[in-house]
Amino acid sequence: MDSVSNTTMLQTDHPAMPIAHALTRQVVIETASVRDWPRICQLVAQNFPLQSEASMGYWLCHQRPYFQVARLDGEVIGFMHAQPQPETGTLWVNMLAVDARYRHRGVGHRLVAHFESVCRDWDCARVELQCLRTNAAGLRLYRRHGYVRVVETLTQRGLQVIVHRKPLPASEAPASGPRPPVQLDGRLQRWAYRLFYLAWFRRRSPVQG
């Protein structure tokens with residue numbers, strides 16, 4: 001698996017703008033369904049050009065509940081893919097992307113707040129992720145949310161990324177009722193998704209390579 005897939009992409013040439021609270025209140029974040037695959041892959045192709053089709057295919061079929069989408073009036077305008085790692089107590093965020101039409105309007109902030117809430121609900125003690133060194137907007141986003149730069153490293157394709165970490169003590173858990181950890185789909189369901197992916201969706205996926 002190419003580690004560049006673990007890079008958060010929110011690149012922009014424009015300065016950060018205040019969060020548009022009116023918009024973010026309308027955004028609903030929920031677990032992705034199979035119907036969301038085309039839109040997720042479209043956002044991946046636009047924001048993660050080095051993401052491999054093989055990795056996406058595995059994640060979509062075997063880790064579908066780890067994809068959370070941001071909807072506005074039913075349209076997917078952003079998504080995240082975050083994997084809990086119980087052995088280390090870490091929630092690792094592989095990808096976070098927002099449709100270019102809705103950047104600077106608070107959607108990225110909503111997604112960050114969401115995966116932090118999920119992290120606490122799932123009894124993880126920290127969030128970790130990596131962001132391209134050239135992704136100034138993404139670096140600002142995580143700095144605003146209190147993420148600490150841990151180390152700078154290179155992906156398998158020679159891209160410079162900065163690993164970020166934020167501890168989340170249980171005492172800071174959100175006031176809302178906790179959600180149980182997401183349960184992955186059963187084995188038969190995952191393989192049914194895989195057959196559908198290989199027989200039909202793969203040829204139509206915007207993610208190639």
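Observations on the model:
- Spatial separation of Cα centroids for segment 84-112 and segment 126-156, in angstrom: 12
- Computed Kirkwood radius, in angstrom, where 1/r is averaged over Cα pairs of segment 14-157: 15.8
- Per-residue Cβ neighbour counts within 10 Å put Ile40, Ile162 in the sequence Ile162, Ile40, beginning with the fewest.
- Packing-based exposure ordering (other Cβ within 10 Å, fewest first) of Val148, Val207: Val148, Val207
- Relative frequency of Cα-Cα separations exceeding 18 Å in segment 82-150, percent: 37
- Kirkwood Rh, angstrom, segment 129-171 [1 / mean 1/r, Cα pairs]: 10.9
- Spin-label pair Ser33/Gln85, simplified geometry with 7 Å Cα→Cβ offset, distance in nm: 3.3
- Efficiency of FRET from Cβ geometry, Gln183 and Gln46, R₀ 35 Å, rounded to 0.05: 0.70
- Within the shell of other residues whose beta carbon sits under 12 angstrom from the beta carbon of Ile162, the net charge comes to +2, with Lys and Arg scored +1 and Asp and Glu -1.
- Ala125/Arg202 FRET efficiency (R0 41 Å; Cβ-Cβ; nearest 0.05): 0.65
- Whether segment 88-209 is rounded, prolate or oblate, judged on the alpha carbon gyration tensor where a/c under 1.5 counts as rounded: oblate
- Karplus-derived HN-Hα couplings along segment 80-96 (A = 6.51, B = -1.76, C = 1.60, θ = phi - 60°), whole Hz, x at Gly and Pro: 9, 10, 10, 10, x, 10, x, 5, 10, x, 10, 9, 9, 8, 7, 9, 8
- Per-residue extension of 0.36 nm, minus the Cα-Cα distance of Val148 and Tyr58, leaves a gain of 29.4 nm for this segment.
Read-outs throughout are calculated quantities, based only on the coordinates presented, and are distinct from any laboratory measurement. Just so it is clear, the structure is predicted and the values come from calculations on it, not from any experiment. Neighbour counts are summed over all protein chains in view; Cβ atoms, including those assigned to glycine, are modelled from backbone coordinates with ideal geometry.
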